[in-house]
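This structure is in structure tokens; I'll ask about it shortly.
Any read-out appearing in this document is the output of simple, stated calculations on the displayed coordinates, not a laboratory observation. Fair warning: this is a prediction, and the values are worked out from it, not measured in the lab. When we count neighbours, we look across all protein chains shown, and the Cβ atoms used for this are built from the backbone with ideal geometry, even at glycine.
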Amino acid sequence: MTVTYDYTKRTSYTADVDHQKRAHKVLMEVPFTPSQPHRGYTNRTLHVDLGAMKVTEKAVTAQMKDVFIGGRGFGLWYLWNAITPTTKWNDPENEIIISPGPLAGNTQYAGSGKSLVVTLSPLTGIPIDSNVGGYFGPLMKFCGFDALEIQGKAPTDVVLVIDGPKGTITIEAAPEEEYDSHVAAEVFTHEYADGPKDFVNVGVVSAGRGADHSRIGCLNFSWWDPRRGAARLKQAGRGGIGRVFRDKGLKALIVHGFKLKSDMNNAEDVERTAKVGRKLAKEIHDFDDQQCKMRKIGTAHLVEVMDAYDLLPTHNFQYGKHPDTPKIASPVWEARFTQGIFDGCWYGCHMACSKGADCHHVKTGPYAGHFVTVDGPEYETAAGLGSNCGIFDPEWILESNFYCDTYGIDTISFGTACAFAMECYQRGILNTDRTGGLDLTWGNGAAHVELLHQMARGEGFGLIVGQGVKYMQEHFAGKGWGDLAFLRDIGMQVKGLEYSQYQSKESLAQQGGYALTNKGPQHDEAWLIFMDMVNNQIPTFEDKAEALHYFPLFRTWFGLMGLCKLPWNDIEPADNAKHGKEAAKVPEHVENYLELYQGITGKRLTKDGVIAQSEAVYNFQRVFNLRMGLGGRQSDWPPYRSVGPVTPEEYESRAERYDKQLLDLIGVDPAGKTTAEKIKLHRAWREDRYRQLCDAVYKRRGWTDNGIPTIATLKKFKVDFPEVVAVVKAAGVTE
């Protein structure tokens, strides 16, 4: 059923934009000469020092393009050179780098509007990278810059404006605008566009008031939706990037770009890129409704799929399904999302998966009574804010989704952190005295949202939750409220980053796909549950290691190029199954990417070349972690909750399965044994298998037994810079 919304009801925030703009004070202004890319690169980047109020340009070297490629690679390289091993996330020298990549901004191939954001994470202390849509990155690129580096701290809240048509870069004090993201995106779009027809040429980056106080703060990248007459948002969510943004005194980044033309990348062979794009567009048109229905429900189709396979995180990853899941499954969201409106977050993206729940009537907090568009929820948000916290009311999920976005809070980390706090409440580790009166029982949507409001105000128990799971584990144990070992077992974080929303107990490969990541447990590196658990396509340790070599590296490549992964495997050719065990790679789509790369850059690339490009950056990032004091095998150890049953309730909920595994796989008859004894047997077996997986993965990746790249591996991928080699040698790696 198509639902029609009265967009005139949407609350507007633009009544005072002229007055607000007049209140700006220009602190610095420099001219620049706009330029367009050639074969995907502009060959120049922009460095902004907010403390010194200084802007400089840098040339993109041949080495940068050959070794670091673009996007995430450029970000890591610039960050490495900006900081020292002792730099902390809130030191002025920490940088935020935004880089879209050489294939980003093309309008011929779906999913080509991404930017990569890199900084030193407040949660982990190591580099974090986040892949994000919206218009800022491509529009910045078409003004002339392959990357933007932001360093230093402004003395007051400022906006940084890159205005291509005017040829100016300004830093302005902006004292009056609200910086919560749904307001900031709309207001700054109106302020810097040359009239309504120009709104589509403005991109805004912001982080709301929640990011002032929370280490799980995110960035919102806007794009203008002319059909709705509204600014929409996409999130660079992971690792606390929004907290760094606000610590630097940034209220917003604004780019005012040029009217888009079909090939502003100045591709070597635009018809080649257009041809492969038309091929994919036809597949989306013909098969999307039968496959994932991305154009109607986005990634929300995964809710009932994960529940069916016992993979939907429920009650802090204790369980994988729930009888109330239909209340938040895709039919609910399909009815709630506005249909019939193109929802792509970049031009030419026929996946159009950025769904909007229009005219949500806000019921709590500072925007109570307002009518707003909520972008999503996507699967990760529906699972994290929903089932993982025992909340099966879609209106509460939308309320939390809206406030996470506008306050600048990562929905994934927030959902996992809240679920941890709720389980602590369930087990008596927390009570209302310790939460400041909040009743954190499963399903309490009002308390869930109140935590967000407390984060935004910088007060109460919400301030504690906003520091993340790792902080809460140590804080609760330090207060004597709970046993640290148990808190570490049930707290879903690795390297300080909260888990995204997949239950991995029965997929050893996915356990590694989460814990062996460079940045922490995020599904954008490896999602292997179906290959491993459902289809049993990678049965041996060597098979799993091969998958944990290929898939993280192939997905890394999207982050180098400025691409979205969804058009790769969330739509498939009708005959993709003919490829057998290789079907998970979607080989025809891999060929598409080779065509796209050659069409834009003019350089031929092979399938092996894709992996080699990623290996250089991936190994460099691994050493970067080591440089910052977090590396080696000990950093790759998962919480036991992601590996097996921690508590009697968990075991008994799947007793038939676990008892059968004891008998068939472990070789122990469960008869007569207590649940505690059976849990102990499972733990020894499962943790030993995980150790063996690490051994196999490290060997396949060319790393030492301690998970550190060898010098031979660094040389192979041309990242054996003296300072990189010095880091691994200091960790005991010899020639």
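Which of Val465, Gly437, Trp568 sits farthest toward the positive end of the charge dipole of the chain, with +1 on the Cβ of Lys and Arg and -1 on the Cβ of Asp and Glu?
It is Trp568, whose Cα lies furthest towards the positive end.
Which distance in Å, rounded to a whole number, links the C-alpha centroids of the range 399-443 and the range 492-521?
20
With charges set only on the Cβ (+1 for Lys and Arg, -1 for Asp and Glu), what does the dipole of the chain come to about its Cα centre, in debye to the nearest 20?
1280
Something else about it: Which order do the peptides 299-311, 627-639 take when ranked by the mean count of other beta-carbon atoms within 10 Å per residue, highest first?
The most tightly packed comes first, giving 299-311, 627-639.
Please report, largest first and rounded to whole Å, the three semi-axes of the ellipsoid equivalent to the range 68-152, where each semi-axis is the square root of five times an eigenvalue of the C-alpha gyration tensor.
Square roots of five times the eigenvalues give 25, 12, 10 Å.
Hey, another quick one. Could you give each residue of the range 317-323 its phi-based ³J(HN,Hα) in whole Hz, using Karplus coefficients 6.51, -1.76, 1.60 with θ = phi - 60°, and x for Gly or Pro?
Karplus-based 3J(HN,Hα) across the range 317-323 equals 6, 5, 10, x, 7, 7, x Hz.
Give the whole-number value, in cubic angstrom per residue, of the convex hull volume spanned by the C-alpha atoms of the range 254-359.
It is 186 Å³ per residue.
Cα centroids of the range 123-201 and the range 660-735: how far apart, whole angstrom?
Measuring centre to centre over Cα atoms gives 42 Å.
Compare the peptides 193-205, 26-38, 485-497 by average per-residue count of other Cβ atoms within 10 angstrom and give them in order, highest first.
Ranking, from highest mean packing down: 485-497, 193-205, 26-38.
When all C-alpha to C-alpha distances in the chain are sorted into bins of 20 Å, what percent of pairs does each bin hold, rounded to whole numbers?
Result returned by the calculation: 18, 55, 26, 1.
Ranking Lys279, Lys479 by Cβ neighbours within 10 Å, fewest first, what do you get?
Fewest-to-most ranking of Lys279, Lys479: Lys479, Lys279.
Could I ask something else about it? Full extension from Trp637 to Glu395: what is 0.36 nm times the residue separation minus their Cα-Cα distance, to one decimal in nm?
83.5 nm
Using a 7 Å offset from the Cα along the Cα-to-Cβ direction at both Ala446 and Ala577, what is the distance between the two label points in nm, to one decimal?
Placing both labels 7 Å along Cα→Cβ, they lie 5.0 nm apart.
When you count, for each residue, the other Cβ atoms within 10 Å and take the mean per peptide, how do 125-131, 289-295 rank with the highest first?
Descending packing order for the listed peptides: 125-131, 289-295.
What number in nm² do you get for the range 17-256 if you take the convex hull of its Cα atoms and divide its surface by four?
Taking a quarter of the hull surface, the average projection is 12.0 nm².
Further question: Normalised by the residues of the chain, what does the relative contact order come to in percent, with Cα pairs under 8 Å and at least six apart?
Relative contact order for the chain comes out at 14 percent.
Another question, then. Okay, helix-only estimate at 222 nm for the chain: each DSSP H run of n ≥ 4 adds -39500 (n - 2.57), divide by all residues, round to 500 deg cm²/dmol; what do you get?
-11500 deg cm²/dmol
Would you mind computing, in nm to one decimal, how far apart the modelled labels at Ala612 and Trp481 are, each placed 7 Å from Cα along Cα→Cβ?
According to this spin-label approximation, the distance is 5.3 nm.
Let me ask something else about it. Rank these for me by crowding, Thr338, Thr411, Thr734, going from fewest to most other beta carbons within 10 Å.
Least crowded to most crowded, the residues run Thr734, Thr338, Thr411.
Here is a follow-up. Need one number: nm distance between label points at Phe721 and Leu27, each 7 Å from Cα along Cα→Cβ, rounded to one decimal.
The answer from the label model is 2.9 nm.
Another one. Cα-Cα over 19 Å: which of Lys88/Lys153; Lys544/Lys718; Lys21/Lys166; Lys88/Lys519; Lys141/Lys355; Lys275/Lys296?
Lys544/Lys718; Lys141/Lys355; Lys275/Lys296
What's the exposure ranking of Tyr407, Tyr13, going from fewest to most Cβ atoms within 10 Å?
Arranged by neighbour count, lowest to highest, Tyr407, Tyr13 become Tyr13, Tyr407.
Something else: Could you tell me which of the pairs Lys58/Lys197; Lys470/Lys673; Lys321/Lys660; Lys9/Lys114 are separated by over 22 angstrom between their Cα atoms in the structure shown?
The pairs that break the limit, which is 22 Å between Cα atoms, are Lys58/Lys197; Lys470/Lys673; Lys9/Lys114.
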